[in-house]
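*Asks:* This is the structure I have questions about; it appears just below.
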Amino acid sequence: MSEWKKQTLAGFLATTSAAHAQDEALVIAGRRLTWAELRDNVREVARGLRALGIGRGDHVAVCMGNSLEWVIFFYAAATIGAVTVPVNTRFKAGEMAYCLKQADVKLLFITDRFLKIDFIAMLRGICPAVDRALPDPALPLLRTVVVLGQDVPSGAVTFADLLARGAAFDEAYPEEVKPDDVLLMQFTSGTTSHPKGVMLSHDNMLRNAFHVAARFHLKAGDRYYSARPYYHVAGTTLSLLAALTTGACLLSSPTFEPEEALSTMWSEECTHTSGNDTMFLMMLNHPKFGQYPLKLRNGWVSCGPEVSRRVVEQMGMKGLVQAYGLSEASPNVCMSRHDDDLEKRIEGWAHILDGVEVRLVDPDTGAIQSPGKSGEIQVRGWSVMQGYYKMPEQTAKAIDAEGWLHTGDLGVMDDEGRLKFITRIKDVFRVGGENVAPAEVEDVLHRHPKIKQAQVIGVPDPRLIEVPAAYVILNEGETATPEELIAWSRERLANFRVPRYLKLIDSFENIGMTGSAKVQKNKLRAQALIDFGLEETKKP
């Protein structure tokens, strides 16, 4: 297919599975499915979901590591028109509860344990009725919990039971699924204290996957390794759906472990891969890196020039391309072409996707910037989300009356129309592959009875690129240690949101306040480099 034609996920699955029925579609943790087997499994789970009362427009959540079941559930939900809500497996109980409630989730598909986390114990804490009969007053819309594993509360059902119910169910699908129906609700960090549910349609995600797959030259017969978690759009659009739209085989792992990734890519003769600075540095610097001669040709990265050059030279990925995007753009705005000038690709220059408009706007004056001048990246076109779920004010702030998505990111264009991402204008910083909004961490810190005020920024880290650092003012007469407050935070926040550094202070006045009494985050970050001895790791 050279031209894009609007389709649903089920339509693509039917086409791809017919054309490549006996070819491998998925290899995850040593388990394998052909395209025909994947199609048949999806049909079985889709019938099971219908038997459990799920239909077009219902919201269903999935919480587990990358697995065959994750993919089958996602595709099955899409087949009947349900909206998948991925739950980050690193969430703590409060974060999971917020996600399930805010998204109006009707069914939850959850593993009992993952990475030594007891998810059933977590679920019991936020939804006690799962041990009796749902719904629970805390989550009144959650009617069904399907558990993958052995620890199944009396108010939940097993995955085997879902399949059995589906086998006995013969009702036709209730309504036709449309390409503009919502396919996924992706929770993303923002500048407010609460994550927002980005609504992405079948057309948003599949068209994005179709275009980016061509950019990094993915096609049927290729073997594409991506450990990007499926609870991110990099794991759904740029991994799963890129393979779906081309007929390539996608290989993955429940979690990213550098030697396992190297071993898999070597033993499975992978041709493509993807990742960010942190992932590639962990592989490149692994003591056993040289024991795995790779056969990589192509792939996409979100890396700086130094790491990108090492990926090309040491991993053999001559067709490396750079990617920039955000969840609200489903996600990619631009990606290099695999046959573009290599130095341009290494330096981070990428071509805007076909049919997408991008302009750069001076954040202070609103003036449209000419090539060579930096400005806020604003995006318009088919890739832009439908909005934030149940957040009309936040949606209106993100997408203006002319349809331009304001990314809050800084970029620059060259004379040939390539776009290069520079940095984030927003306070959001990135810990490894995770976006963190300071307000999210501050909101939790402010719940501590001893804390009067907290401010959080991202500071440099040689492995994760950035990590959280916090400045805290205690209530008068209270005492606490940084270690005590960090430990308290660890019990309430996903580990990537927990402050790595914390300093107790008496006032922010000496660091810098605006005229409206807001802490100047840029000055706070500069002070943090000094206070925490991080000046040597500061980027030039």
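*Asks:* Looking at the stretch 90-117, which of the residues that are over 23 Å from residue 195 (Cα atoms), among the charged types (D, E, K, R) and in contact (Cβ under 8 Å) with a residue 24 or more places away in the chain is least open to solvent (accessible area, probe 1.4 Å)?
*Replies:* Going through the qualifying residues, I end up with 112.
*Asks:* Is the stretch 458-466 home to any residue that is in contact (Cβ under 8 Å) with a residue 24 or more places away in the chain, among the β-branched types (Val, Ile, Thr) and on the phi < 0 side of the Ramachandran plot? Working first, answer last.
*Replies:* Here is the first cut: in the stretch 458-466, the ones in contact (Cβ under 8 Å) with a residue 24 or more places away in the chain are 458-466.
Now drop any that are not among the β-branched types (Val, Ile, Thr), which leaves 459, 465.
With on the phi < 0 side of the Ramachandran plot added as a condition, the list becomes 459.
The answer is yes; a qualifying residue exists.
*Asks:* Go through 447, 463 for me and flag whichever is at pLDDT below 95, open to solvent by 30 Å² or more (accessible area, probe 1.4 Å) and within 22 Å of the chain's Cα centre (by Cα).
*Replies:* On the way: 447 fails: within 22 Å of the chain's Cα centre (by Cα).
One residue alone meets the criteria, 463.
*Asks:* Looking only at residues that are assigned to a loop (DSSP other than H, G, I, E, B) and modelled with pLDDT of 95 or more in the stretch 15-54, which one is least open to solvent (accessible area, probe 1.4 Å)? It would help to see each step written out before you state the result.
*Replies:* From the stretch 15-54, those assigned to a loop (DSSP other than H, G, I, E, B) are 20-23, 29-30, 52-54; that's our starting set.
From what is left, the residues that are modelled with pLDDT of 95 or more are 20-23, 52-54.
Values: 20: 43, 21: 28, 22: 145, 23: 73, 52: 27, 53: 38, 54: 2 Å².
Residue satisfying both the conditions and the ranking: 54.
*Asks:* What single numbered condition from (1) touching a strand residue (DSSP E or B) at 6+ places or on another chain (Cβ under 6 Å); (2) more than 19 Å from residue 159 (Cβ to Cβ); (3) hydrophobic (A, V, I, L, M, F, W, C); (4) surrounded by fewer than 24 Cβ atoms within 10 Å (Cβ to Cβ) fails to hold for residue 87?
*Replies:* Answer for residue 87: the failing condition is (2).
*Asks:* Given the options 337, 380, name the one that is without any contact (Cβ under 8 Å) to a residue 40 or more places away in the chain, in contact with a Lys or Arg (Cβ under 9 Å, 6 or more places away or on another chain) and either closer than 23 Å to residue 236 by Cα or among the acidic types (Asp, Glu) (or both). I'd like the intermediate steps shown before the answer.
*Replies:* Working: 337 fails: without any contact (Cβ under 8 Å) to a residue 40 or more places away in the chain.
Only one candidate qualifies: 380.
The values are calculated or read from the model by the stated rules, or taken from the named source; none is laboratory data. Source: prediction; values computed, not measured. So basically every Cβ, Gly included, is an ideal-geometry build from the backbone, and we count neighbours across all protein chains shown. In case anyone asks, the SASA skips ligands and DNA or RNA and just uses the protein heavy atoms, side chains included. Shrake-Rupley method; radii C 1.70, N 1.55, O 1.52, S 1.80 Å.
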